[in-house]
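Participant: My questions all concern the structure below.
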Amino acid sequence: MKPQPVPPRRHPFRASLPRMASLPVSSDDSDLKLFAVSFTAFFICFYTFLL
């Protein structure tokens, strides 16, 4: 038999909270959003640098 891995112990406060499963977010436009946010941040940084 293969030994089962021991699950890590949870912090007492975290153990008192209910377990909530997070749903995976499936987004096809994540690359576009990342580009838009990165471009905006780049533009704002250099615009404020030049002022």
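Participant: Starting from the Cα-Cα distance between PHE46 and SER30, subtract it from 0.36 nm times their residue separation and give me the gain in nm to one decimal.
Facilitator: Numbers: separation 16, 0.36 × 16 = 5.76 nm, distance 2.43 nm.
Answer, rounded to one decimal: 3.3 nm.
Participant: Residue by residue, what Karplus-based ³J(HN,Hα) values in Hz, rounded to whole numbers, does segment 5-13 have, using 6.51, -1.76 and 1.60 with θ = phi - 60° and x for Gly and Pro?
Facilitator: These are the phi-based 3J(HN,Hα) values: x, 7, x, x, 6, 8, 4, x, 5 Hz.
Bear in mind that the values in this text are calculations on the coordinates, not laboratory data. Source: prediction; values computed, not measured.
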